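Take a look at the structure below.
The values are calculated or read from the model by the stated rules, or taken from the named source; none is laboratory data. This is a predicted model, so every value here is computed, not measured. As a convention, Cβ positions derive from the backbone with ideal geometry for all residues, glycine included, and neighbour counts pool all protein chains shown.
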Amino acid sequence: MPPPSAPLTPGLASFLKSLKTNPIDTSIDNLISLLKRRQIRHSRSCATATAYLLRSVISACRTSDASKLIERVQSVGRRLIAAQPREMVVGNIVRRVLGLIRDEAEDDRDGDFSLSEAGSESQPQTPRAGDDPSEALYGRHDGSASKPLSSLAAHPISMFSLLSQPESENSLPGSPVSASPSGRLPGHPQNKDIRAEVLDGINEIIDELGQVDDQIAAYALDHIHSNEIILTHTSSTTVQKFLLKAAAKRKFTVIHAESYPNNHEATHATVSGTAPNNDELLSTESFQKPLIAHGITVILIPDSAVFALMSRVNKVILGTHSVLANGGLVASAGTRVIARAAKVHQTPVVVVSGVYKLSPVYPFDFESLIEYGDSSKVIGYEDGDLVEQIDVQNPLYDYVPAELVDLYITNLGGHAPSYLYRIVSDHYRKEDISF
Amino acid sequence: MAPKKGGSAKPRGNATEEVEETLQAVVLADTFETRFEPFTLDKPRCLLPLANTPLIEYTFEFLANAGVEEVFLYGGAHSDQLESYINGSKWRAPSSPFKQFTFLKSTSTSVGDVMRDLDGKHLITGDFLVVSGDVISNLPIEGALAKHRARRQADKNAIMTMILREAGRNHRTKASSVSPVFIVDPTKDRCLHYEEIDHHSPESSRLNIDAEIITTFSEIDIRQDLIDCNIDICTPDVLSLWSDSFDYQTPRKQFLYGVLKDYELNGKTIHTHIIEDHYVARVRNLKAYDAVSKDIIARWAYPLCPDTNLLPGHNYELRKGTLYQEQDVTLARSCVLGRRTVIGQGTSIGDKTTVKDTVLGRNCKIGKNVTLEGAYIWDNVVIGDGTTVRQAIIADGVVLGNKCAVEPGSLLSFGVKIADSVTVSEGRRITKAPREEDGESPAYDSEIVGADGEGYEYVPYDDEDDDETASNASSGLIYNMANLSLSTDSISTLSSEISDYGGSRSGSFATSVSDDEEHDTHFVQDAAASVFDSLRDGVTTDVVQLELVSLRMTANASDHEVRRAVASAFMKHAAQLMEAGQGAGEVVSDIFGKYHEIIERALFDRDSAVKTDQVDFLLLLQQDLVHRNRGETVLLFAAKELYELEVIEEEAFEQWWADERSKNTEELQKVRSQTQQFIDWLASAEEEESSEEEESDDE
């Protein structure tokens, strides 16, 4: 798949390429300016770029001291977030990497500890309301007795993980490498290089980013039934894969709202199957057959027609930009209208999203999460008289409150919006939420 | 352990590396214009802040966006300031997207000089971009570049691609006074002809299209709706072309026009790439500064918006109502922040102050009950209580007292201090910077800035005419130019446009005198155009004369018509030079000094007592000047110059002055009113001059 001409405009591909050769500080600055210039956008590209960058940051760090690693990652993370605060996945990935480092640091000590006191893992969870995990972390040189407690406190065994997987790892189920707790390496010296393990962890995150859509799609047959009418929006690849998976087995109808003006071209391309080779996404998705090739009827409608058609729709399936801890969504503009229309017609709204989009942020001021884009997409800039006299706003995202969503499907399965806080606390450690 | 994705990305990246050609860009930091005076007296124009970010940052963003890897920056005025700024910026850091960044100093005085200098340095290896240091664009250049390269592969003579933005009929971001007209062959995107039309000219200007263009091409587009922001993709051939024509100064009016005209000669073609989306603009004057600021604040140039925080230290956030605010802004509870406002760090705004459509820089102190509307206020400005500022630009460190009023179109330059209760009237420009000519700052003018104020009014057209009559005559004139009163409500009134108004009637040779003969206008037009072109290109007198004679022979034109053509061409050229910013006296003496032989050869009454030809010529001059800006001054200078060069004799002046035809309309009277003093002086100095007069008669 050689591109016809050298891609001049920098983007994710050129960033990843340059990451190999450039010194680390250059790469950090480079990513910051790419984020600022919006040359890397979309959740997954941002997440991938961040994960790769942090991997290089950690491998370039010449220390094995966990606290120094954490400091380093925090400082890089802060700069990345400042560069583009509305791409929340950047913060999510940074938080997960921080969590990884903390886990490894504690597992190290756990390893020693479990040698002497083998029962600690199976200990019932003690009430730990008064425990401040960060205090425990920073005070870890005090004595070894409090450590297993604090480690558990900071990383509680959730109901979810009890069911799906015995170890409370923060990696996803189904990736075999994830089950590599340091407890199995009891003979390791105390001051071993935790970097190697953190790097492994980051690689798992990167793998997760690559597989997340397929994992979500695996649930498709549970949710899409024959002869249903499904309404969707935007050209989200997650949604497309989800539908395609179901299309392999069942026949149903898809109504696709075109999401003018910010995403309509991509949507048209998705529907008609003429998606251009998109370097940004770095994936094979763009080569797959469109839904229509599977014999699925796809109806493209303008966003304004959503309400009229909603009465016939059995299910609304939406992609998202990010998911907030209260179950609310920041999704591309137009989503809220669809969700509200669905609410009125009592149509179930299903959101498909990778766990990496799940952000521990509570939307106290959701206005600030919404990015305003290029006004000229709404009204042509060449219309001088109008440009002079009116204010044009083009919000790229909508905030969809949690009560408009009925079900989330992540790579971990389906969840009610009210349950998301639990997944948040599984994936991010408290002390990292506002680092 | 490289993951799957990274693995698949890598080989692809490497494969393209070989094909990739380094894209170079030449940035002209100085565009050799004076439209940003008086601010440019202190600071280079490309460092002036636009929505609190220096202009040049936007240009570099554009280049970085376009994937440019090598940048050559040409500094002009204040290049030391520019250099130190660049050295401290992120573009020189190792993380800069530019692999090579060269700062070139030059003593050039025009774009042409820069290009020729660049050609001499042999720095350019392949296709390159030429942009000026005030371009703001979010255009990815890939498409245009790919087309350019494809065209060049097919045809070596396709040397240049201009990027133009479609913008409808009226647009605030377009240059308002002069609008460029492109004649394009849409099938090949080839530019066939280029001309600039003056918008403000009272009568409709005309366009001269070569008939051949119309007959050769089955389809042509005549487009006047384009924003030309001087982004050109050039091949190295362009540089040699600049070098070949050593007298080209400006990239459009001369270079583009010239190359297109000489297509027969050199066979080079220039193409256009017209875009219908993305933002492209140039901050070419203060009006454009106003328009582009608005565009950026209204997010037309997304992602180049204040909240993108292009500069490392910036932390703007977008609030409701297109309000961009940095951290650490102190707002009084009762102040009202309207829409489209940008407020920088450390700024404090007092009680009951209203701010609307305004850009406020960092660390400004705005008092109570202040009204700011459509103002551009840069850093560290102090505004006292009860002051009103509307549609003005207030530069760094200005102090405005209490209860002042700054009226639309005012420009307060760096460090100016206005005392309490002073009104800065419309369109006034106040500066503290030393004057360019003598390097001294004149005494502060307390009439303008108040008793404790600092600053003096900046006079943009300071013709250094040592001649006392001239300076007397000109001092009144220059300022009652229609320009300032033309001001309706916007910054367009900012005198930035003065230079454009100077000689506004291009392209209307014959109309001024065309009330008598109809049949010969054709000759007059052709001859005038020919002489005018020659004058502009600086051809020698002999050549001009030859052309004129041959034209005259073919058209069997009368002497009167020849004189008319000559007068018309000379005055048009003079007007054009004055438009470019030169003083009237200088221009006139320049032209007549160089080309007086042409006039002499059109006058045949040197020995006769009744100087009909000379009078005729003077009359024609006078008639022509009726329609031109500052015609009175030009006529005065012309009369003086013609007298000193002994082209026209004293008697002719007297006869002309007495002639009925020279005063039978009010306009004619007005034009010649200033020449009165010259005639008076002639009469008084008659005795001493008479001897010389006789000598010249003998020749």
*Return only the number of the condition from (1) at pLDDT 80 or above; (2) in a loop (DSSP other than H, G, I, E, B); (3) surrounded by 18 or more Cβ atoms within 10 Å (Cβ to Cβ) that B:Gly415 does not satisfy.*
(3)
*Failed criterion for A:Ala402 (all others in (1) at the interface with chain B (Cβ under 10 Å from one of its Cβ atoms); (2) farther than 17 Å from A:Tyr260 by Cα hold)*: (1)
*asked:* Considering only segment B:148-169, I want to know if a residue exists there that is within 12 Å of chain A (Cβ to nearest Cβ), within 20 Å of the chain's Cα centre (by Cα), closer than 24 Å to B:Pro54 by Cβ and not in a loop (DSSP other than H, G, I, E, B).
replied: yes
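Here is a yes/no grid of residues against (1) crowded, with 24+ Cβ neighbours inside 10 Å; (2) assigned to a helix (DSSP H, G or I); (3) in contact with a Phe, Trp or Tyr (Cβ under 9 Å, 6 or more places away or on another chain):
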| site | (1), (2), (3) |
| --- | --- |
| B:Asn230 | no, no, no |
| B:Asp237 | no, yes, no |
| B:Phe246 | no, no, no |
| B:Lys253 | no, yes, yes |
*Keeping to segment B:93-110, report how many residues are modelled with pLDDT of 85 or more and in contact with a helix residue (DSSP H, G or I) (Cβ under 6 Å, 6 or more places away or on another chain).*
1
*asked:* Quick check on my filter: what residues within segment B:20-58 are within 20 Å of B:Leu311 (Cβ to Cβ) and within 14 Å of another protein chain (Cβ to nearest Cβ)?
replied: B:Thr53, B:Glu57, B:Tyr58
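Output yes when any residue across segment B:121-144 is part of a loop (DSSP other than H, G, I, E, B) and at positive phi, and no when none is. Even if it seems obvious, please write down each step before you answer.
Step one: of segment B:121-144, the residues part of a loop (DSSP other than H, G, I, E, B) are B:122-127, B:133-134, B:138-141.
Pick out the ones that are also at positive phi and you get B:122.
Yes: segment B:121-144 contains one or more residues that are part of a loop (DSSP other than H, G, I, E, B) and at positive phi.
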*Out of the residues in segment B:405-438 that are touching a strand residue (DSSP E or B) at 6+ places or on another chain (Cβ under 6 Å) and in contact (Cβ under 8 Å) with a residue 40 or more places away in the chain, which is nearest to B:Gly384 (Cα to Cα)?*
B:Leu412
*Within segment A:248-266, track down each residue that is in a helix (DSSP H, G or I) and surrounded by fewer than 16 Cβ atoms within 10 Å (Cβ to Cβ).*
A:Glu265
_Test result for B:Arg390, surrounded by 22 or more Cβ atoms within 10 Å (Cβ to Cβ) and either of a type outside the set (A, V, I, L, M) or closer than 28 Å to A:Gln84 by Cβ (or both)_ = no
*Filter segment A:12-59 for residues that are facing another protein chain (nearest Cβ under 9 Å), surrounded by 19 or more Cβ atoms within 10 Å (Cβ to Cβ) and over 27 Å from B:Leu139 (Cα atoms) and give the result.*
A:Tyr52
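For segment A:219-242, give me the residue count where each residue is of a type in the set (Phe, Trp, Tyr) and either surrounded by fewer than 21 Cβ atoms within 10 Å (Cβ to Cβ) or not assigned by TED's automatic domain parsing to the domain that holds A:Val316 (or both). Spell out the reasoning first.
Residues of segment A:219-242 that are of a type in the set (Phe, Trp, Tyr), as a first pass: A:219, A:242.
Then keep just the ones that are either surrounded by fewer than 21 Cβ atoms within 10 Å (Cβ to Cβ) or not assigned by TED's automatic domain parsing to the domain that holds A:Val316 (or both); that gives A:219.
Total meeting the criteria: 1.
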*Which condition does A:Leu281 not pass, out of (1) modelled with pLDDT under 85; (2) in contact with an Asp or Glu (Cβ under 9 Å, 6 or more places away or on another chain), if it passes all the others?*
(2)
*Within segment A:360-378, restricting attention to residues that are farther than 11 Å from A:Arg86 by Cα and among the hydroxyl-bearing types (Ser, Thr, Tyr), which residue is farthest from the other protein chains (Cβ to nearest Cβ)?*
A:Tyr362
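Can you name the residue in segment B:118-143 that is under 26 Å from B:Ile227 (Cβ atoms) and aliphatic (A, V, I, L, M) and is also surrounded by the fewest Cβ atoms within 10 Å (Cβ to Cβ) among such residues? Please lay out each step first, then the result.
Going residue by residue through segment B:118-143, those that are under 26 Å from B:Ile227 (Cβ atoms) are B:118, B:127-143.
Restricting the remaining residues to those that are aliphatic (A, V, I, L, M) gives B:118, B:129-131, B:135-136, B:139, B:141.
Working: B:Leu118: 24, B:Leu129: 24, B:Val130: 24, B:Val131: 24, B:Val135: 28, B:Ile136: 28, B:Leu139: 21, B:Ile141: 26.
For segment B:118-143, the residue satisfying everything is B:Leu139.
Looking at B:Asp225, is it under 30 Å from B:Thr53 (Cα atoms) and surrounded by 15 or more Cβ atoms within 10 Å (Cβ to Cβ)?
Details: under 30 Å from B:Thr53 (Cα atoms): yes; surrounded by 15 or more Cβ atoms within 10 Å (Cβ to Cβ): yes.
Yes, satisfied.
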*Return only the number of the condition from (1) part of a helix (DSSP H, G or I); (2) more than 19 Å from the chain's Cα centre (by Cα); (3) not small (Gly, Ala, Ser) that B:Pro94 does not satisfy.*
(1)
_Residue in segment B:202-217 that is surrounded by the most Cβ atoms within 10 Å (Cβ to Cβ), counting only those that are of a type in the set (S, T, N, Q) and touching a residue at least 24 places away in the same chain (Cβ under 8 Å)_ = B:Ser205
*Which residues, taken from segment A:267-278, are part of a loop (DSSP other than H, G, I, E, B) and either modelled with pLDDT of 85 or more or buried (at least 16 other Cβ atoms within 10 Å of the Cβ) (or both)?*
A:Ala275, A:Asn278
_Only listed residue being more than 14 Å from every other protein chain (Cβ to nearest Cβ) and under 30 Å from B:Ile297 (Cα atoms), chosen from B:Gly133, B:Gly112, B:Gly120_ = B:Gly133
